[in-house]
Amino acid sequence: MTAPMQEILLPTNKKQLFGSISALVPSDAHFVNGRPIIAPYADESDSELDLEEAVLGLGCFWGAERKFWNVDGVYSTAVGYAAGATPNPTYQQVCSGATGHAEVVLIVFDRNKVSFEELLKVFFESHNPTQGMRQGNDIGSQYRSGIYCVTEQQLQTARKVSESYQAELKKSGYPAVTTESKMIKKFYYAEEYHQQYLAKNPAGYCGIGGTGVTCAI
């Protein structure tokens, strides 16, 4: 079984920060592929597409987003914040640890070309899901590992794949998986300069790195 995430992640009402009055709204065009990053993602007349959203946290969202916009079948991506208590948070507030939010990637994928399970394979193989409140040298609750589901089916799949990968990691001597899998109600877009950051800044920081253990699906 996966290890439970610490309950102290979410600040109390007395300690949580109040976010912006209105939500951040970045440019609607993906810097790499030009597609929308805000719903509706495609024209309703495009019947060949079967789009679904996924929200995943695996450390610093700059490198994490690049991992997914390169996956065949991923239609669009954006970065933002989720799983916390503060509405409309800013980057500085999230980094303070007082919002409870994680840095996450919103992934819009075509189910005709790639499955949620295949995205979870990329997710688990791209970071170390056993580190709790950090990824490598990036320390803080905003860097925690999380699968933030928008459907009950995603949640069931997330728990199944997490437990399977836990068994594989254990064989290689890793401790318990600390990835949290839960439903979320809201994804908050990050500031414009964070969107597709490594495409705009090819020499920018990327802390993404996996364990080398294969996630079989």
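Taken together, the values in this text are just the output of simple stated rules run on the coordinates, not laboratory data. Just so you know, these numbers come straight off a predicted model, no measurement behind them. As a convention, Cβ positions derive from the backbone with ideal geometry for all residues, glycine included, and neighbour counts pool all protein chains shown.
What nm value, rounded to one decimal, do you get for the distance between residue 42 and residue 156 when each label is placed 7 Å out toward the C-beta?
2.5 nm
Show me the trypsin sites (Lys or Arg not before Pro) within the range 165-213 that DSSP assigns to loop and that have at most 16 other Cβ atoms within 10 Å of their Cβ. Mind dumping the intermediate values first?
Working: sites: 170, 171, 182, 185, 186, 200; in loops: 185, 186.
Filter output for the range 165-213: 185, 186.
Got a sec? Which residues in the range 184-217 would a label at residue 170 touch, if it sits 7 Å along Cα→Cβ and we count backbone N under 16 Å?
Within reach of a label on residue 170, which here means backbone N under 16 Å from a point 7 Å along Cα→Cβ, the range 184-217 contributes 216.
Which lysines does residue 121 reach when only Cα atoms under 19 Å apart count, and residues fewer than 8 places away in its own chain are ignored?
Within the straight-line limit of under 19 Å, residue 121 reaches these lysines: 67, 113, 160, 170, 171, 182.
Measuring from centroid to centroid over Cα atoms, what is the spacing of the range 135-198 and the range 23-98 in Å?
The range 135-198 and the range 23-98 have Cα centres spaced 15 Å from each other.
Rounded to the nearest 0.05, what FRET efficiency do residue 96 and residue 125 give with R0 = 30 Å and r taken as the Cβ-Cβ distance? Could you check?
On the way: r = 30 Å, r/R0 = 1.01.
The computed FRET efficiency comes out at 0.50.
What distance in nm separates the two pseudo spin-label positions at residue 184 and residue 115, each 7 Å out from Cα along the beta-carbon direction?
That separation, rounded to one decimal, is 2.4 nm.
If exposed means no more than 12 neighbouring beta carbons inside 10 Å and the site is in a DSSP loop, what's the longest run of the chain without any exposed chymotrypsin sites (Phe, Trp or Tyr not before Pro)? Could the numbers behind the result be given before it?
Values: sites that count: 18, 205.
Between the exposed loop sites, the longest stretch runs 19-204.
Dipole of the chain, Cα-centred, from +1 at each Lys and Arg C-beta and -1 at each Asp and Glu C-beta, to the nearest 20 debye? Let's see the in-between values first.
Working: 18 positive and 23 negative charges, 189 e Å.
That gives a dipole near 900 debye.
Say the dipole of the chain comes from +1 at the beta carbon of Lys and Arg and -1 at that of Asp and Glu; which of 81, 135, 58 then lies farthest toward its positive end?
Comparing the listed Cα positions along the dipole, 135 ranks first.
Obtain the nm distance between the two label points defined at residue 35 and residue 51 by a simple spin-label model: each point lies 7 Å from its Cα along the Cα-to-C-beta direction.
About 0.7 nm, to one decimal.
List the trypsin sites (Lys or Arg not before Pro) within the range 52-117 that DSSP assigns to loop and that have no more than 16 neighbouring Cβ atoms inside 10 Å.
Details: sites: 66, 67, 111, 113; in loops: 111, 113.
In loop regions of the range 52-117 (DSSP not H, G, I, E or B), the sparsely surrounded trypsin sites (Lys or Arg not before Pro) are 111, 113.
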